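The block underneath contains the structure these notes are about, expressed in structure tokens.
What follows is calculated from the coordinates using simple rules that are stated; it is not laboratory data. Since the structure is predicted, the reported quantities are computational estimates derived from the model, not experimental observations. Counting neighbours? That spans all protein chains shown, and the Cβs are built from the backbone with ideal geometry, glycine included.
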Amino acid sequence: MKRTGLMLSALAAFVVLVSSCRKEPLNDMTAEESRIYVTNYDEKADFTTFKTFSIVDSVAVISNREGSKKELTQYDQQLLAQLKSQMQARGYTLVDKAAKPDLAMNVSRIDNTTTSIGYNPGYWAGWPGYWDTGYWGYPGWGYWFPSYYNVFRYNEKSVAVDLLDLKNAKTGEGNKLTAIWNVMLRGSGVWNGNNIETMVKAVFDQSQYLKTTN
Amino acid sequence: MKSIKTIILGLALIAGGAVAAHAQSRPPLSVNVNYSIAQPLGSLKDYADKTSFRGWNVGVQYHLNDQLAVGLKTGFGDFYERVPRAVYPGKGEDISAVQTRTLQTIPILATVQYTFTKPDAAVLPYAGLGIGTANMNYEKYWGEFVEKENKWAFQVSPEVGVNVPFGKYSPFMFNASVQYNYAPYKQFEIKNFNTVQANIGLKFHIQ
């Protein structure tokens, strides 16, 4: 009887130990902590050789649920404005896309409910809704992302910024515009306007090579 | 239960050769349950430097005589550290993230243990060695995104401790021990698994 009691209490203690063993990383994670800011860059690119840039007039919304569309919400306006001012702060001159800019900046919001889209940031370049190369005056061309660009598997909402080399577009193989810089913002709250300034500042801060000489 | 006994008896033969059966002071089969605290060392400490208070282990032993026992041991340990936001450079890549670095380990060890005193002593000090394998579950969170690898590694764990019976010849004892764990486990920044672990718990001879 006494032995049975001991066995049972030992078993009870064991169950408590097993069930409370692991500290779960996601349980106490804030939205700020959940976000990651990824930048990829072309190691062969010399960012100082570019002088001018242009940016899309709206944001492509790429979704695996609702199809694709271009939007210009208040969030989108703020995002585009932040990107412009950061680029200008690095010495690049904003010009109209008709004025043959050296660099083109595509901005997209990606909304996926599955995690199956893959690792490569260039993957959605072929998706309906993504910026057509024709927008930049290269109809029928494709996009090319260096193969070592890779980002983490993600789900739900993210933001992508792709900086394309138009200056050297003529010399590219197979009529492709090379993305020399790519930004991925992912995690909770990336579509929240209050976070734009912090997020955009962070990606420029970690990309000190992105500047030109005047 | 019968198969566990068979395994332990098999281990007994490997470990100690034939040991003549003779009268023992306590029933030969014992079970112990322990809570454990582990301190990571070396590259594991660089990865996740917090002392782990989330560990336990259980073991069964077959006592060949009053001094020598062989058995099996398993358990769990969880290492964890959250690192404030930083930029991690890679090839053509920089990632700004809050990293939550975790490692869960489940060792499965064959053990041999030698008690230094007579069975009627008030305190029974012992030394032991565990050799076997450990499942290492590496989960590093970049923000809310996990990078995950699970694999097995060889592990060796020497141990020293004391058993304090609740009364002379009692089959029921308090146990306290310190063990060192080493596993040649490599995963990204972890070059090997290296910890010092303290255990407290209960041990009882059941039959």
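A few notes on this one:
- Computed P(r) (all Cα pairs; chain B; 5 Å bins; percent): 1, 7, 14, 18, 15, 13, 10, 7, 5, 4, 3, 2, 1, 0, 0
- Of the trypsin sites (Lys or Arg not before Pro) found in the range B:16-96, those that fall in a DSSP loop while having at most 12 other beta-carbon atoms within 10 Å are B:Lys91.
- For the range B:93-207, the normalised intensity computed at q = 0.12 Å⁻¹ comes to -0.58 (log10 of I(q)/I(0), Debye sum over alpha carbons, equal scatterers, no solvent).
- If you plug the beta carbon distance of B:Glu147 and A:Lys84 into 1/(1 + (r/R0)^6) with R0 = 45 Å, you get a FRET efficiency near 0.85.
- Sparsely packed loop sites in the range B:154-207 (the trypsin sites (Lys or Arg not before Pro) outside DSSP H, G, I, E and B with at most 11 other Cβ atoms within 10 Å) comprise B:Lys168.
- Simple spin-label estimate for A:Leu94 and B:Lys50 in nanometres, 7 Å along Cα-Cβ: 4.4
- The range B:158-184 residues near the modelled B:Asp120 label - backbone nitrogen below 12 Å, point 7 Å along Cα→Cβ: B:168-169
- Note that the range B:78-152 shows a convex hull volume over its alpha carbon atoms of 144 Å³ per residue.
- For A:Thr93, the residues whose amide H sits under 5 Å from its own are A:Thr52, A:Phe53, ignoring neighbours fewer than 5 places away on the same chain, with H placed 1.01 Å from N.
- Derived scalar couplings ³J(HN,Hα) [the range B:69-74; Karplus, 6.51 cos²θ - 1.76 cosθ + 1.60; whole Hz; x for Gly, Pro]: 9, 10, x, 10, 9, 9
- Interchain or long-range residues, amide H under 5 Å from B:Lys50's placed H: B:Tyr80
- Principal-axis tilt of helix B:2-16 within chain B, Cα atoms, nearest 10 degrees: 80
- Inter-site label distance for A:Asp111 and B:Phe174 at 7 Å from Cα along Cβ, in nm: 6.3
- Amide H contacts under 5 Å for B:Lys191, placed H, 5+ residues apart: B:Ser43, B:Leu44
- At most 15 other Cβ within 10 Å, DSSP loop - chymotrypsin sites (Phe, Trp or Tyr not before Pro), the range B:76-142: B:Phe116
- Spin-label model, B:Val162 to A:Cys21: label points 7 Å out along the Cα-to-beta-carbon direction sit 2.9 nm apart.
- Over chain B, relative contact order from alpha-carbon pairs under 8 Å, at least 6 apart, %: 21
- Whole-Hz couplings from phi, Karplus 6.51/-1.76/1.60, listed for the range B:118-131; x for Gly and Pro: 5, x, 8, 5, 6, 10, 10, x, 8, 10, x, 9, x, 9
- In Hz, Karplus ³J(HN,Hα) per residue of the range B:59-65 (6.51, -1.76, 1.60; θ = phi - 60°; x = Gly, Pro): x, 10, 9, 10, 8, 5, 7
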